[in-house]
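Chemist: Submitted below is the structure of interest, expressed as structure tokens.
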Amino acid sequence: MTADLTGTFLTLDDGRPAIRFRRTYDHPVDRVWHFVTDPDELAGWFPARAEMDLRPGGAVAFTGDPAMADHPGRIIAVDPPRHLSFDWGGDELHFDLEPLDDGRTRFTLTNVLVAEDTAARNGAGWEVCLSALDARAQGTPFEGPHAGPTAPWQGFYDGYVAAGFPSGAPIPGTASGA
């Protein structure tokens, strides 16, 4: 499978590694904000259900991710409906929403990585998740990260490794990731 990769590997100004994805949705910013903050919407595309207390320092409860035990997180920053960031299993996730003139929204996800060698693995995972979000935004069914072994993850992973993204981190659900 030849994967259409949409992520970019970068080093932030503070030296931390990150991967970034951008999408444009045919919805106003308030609707896209709902995709990012509503637990029921998140459950359809994000790897875990996330119940959030939307205030800086607020708790985030992540449940239902088959690759990760239920765990807490915290809100780092929130500026509805344009920015949300929280910690997630050691990484930071930053969602930035920019309203466009035509009623659409530019969506940017930046995954600040706790370890550089997770870039290819996380990039592949986000490709599957964001494909599910893309389908959800269009009103089309897609199992995304919840498709289990049928999720098209491996092709994306192989593509990111071939593109030179740092790799080597354990992969949950495999012999190397237990």
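The values are calculated or read from the model by the stated rules, or taken from the named source; none is laboratory data. Here the structure is a predicted model, which means the values were calculated and not measured. Cβ placement follows ideal geometry from the backbone for every residue including glycine, while neighbour counts extend to all protein chains displayed. Keep in mind that these areas ignore ligands, DNA and RNA; they rest on the heavy atoms of the full protein, side chains included. Shrake-Rupley method; radii C 1.70, N 1.55, O 1.52, S 1.80 Å.
Chemist: Apply the Karplus curve 6.51 cos²θ - 1.76 cosθ + 1.60, θ = phi - 60°, to the phi angles in segment 36-50 and return the couplings in whole Hz, x for Gly and Pro.
Modeler: So the Karplus estimates, Gly and Pro as x, are 8, 10, 7, x, 5, 5, 4, 4, x, 9, 7, x, 9, 6, 10 Hz.
Chemist: Roughly what angle does helix 119-138 make with the longest principal axis of the chain, taking Cα atoms, 0 to 90 degrees, to the nearest 10?
Modeler: 40 degrees
Chemist: Another one. Residue-wise, which Karplus ³J(HN,Hα) couplings in Hz belong to segment 99-104, taking 6.51 cos²θ - 1.76 cosθ + 1.60, θ = phi - 60°, and x for glycine or proline?
Modeler: Running phi through 6.51 cos²θ - 1.76 cosθ + 1.60 with θ = phi - 60° gives x, 9, 4, 8, x, 9 Hz.
Chemist: Using a 1.4 angstrom probe and counting only protein chains, how large is the accessible area of Ile76 in Å², to 10?
Modeler: 60 Å²
Chemist: If you don't mind, there's one more thing I want to ask. In terms of the Cα gyration tensor, with a ≥ b ≥ c the square roots of its eigenvalues, is the chain rounded because a/c is under 1.5, prolate because a/b exceeds b/c, or oblate?
Modeler: Cα axes put the chain in the rounded bin.
Chemist: How large, in percent, is the carbon and sulfur part of the accessible surface of the chain at a probe radius of 1.4 Å?
Modeler: 51 percent
Chemist: Which one, Val128, Val32, Val114, has the greatest fluctuation when you compute a Gaussian network model over the chain with C-alpha springs under 10 angstrom?
Modeler: Evaluated over the chain, the most mobile residue of the options is Val114.
Chemist: For Ile171, what residues show an amide H to amide H distance below 5 Å, using hydrogens built from the backbone and excluding near sequence neighbours?
Modeler: Ser176, Gly177
Chemist: How large is the accessible surface per residue of segment 74-123, computed with a 1.4 Å probe and reported in Å² as a whole number?
Modeler: On a per-residue basis, 40 Å².
Chemist: Shifting gears a bit: Quickly work out the Glu116-to-Ala135 label distance, labels modelled 7 Å from Cα along the C-beta direction, and quote it in nm with one decimal.
Modeler: Calculated label separation equals 3.5 nm.
Chemist: Between Ala77 and Ala43, what length in nm is gained on full extension when 0.36 nm per residue of separation is reduced by their alpha carbon distance?
Modeler: Contour length minus Cα-Cα distance gives 10.1 nm.
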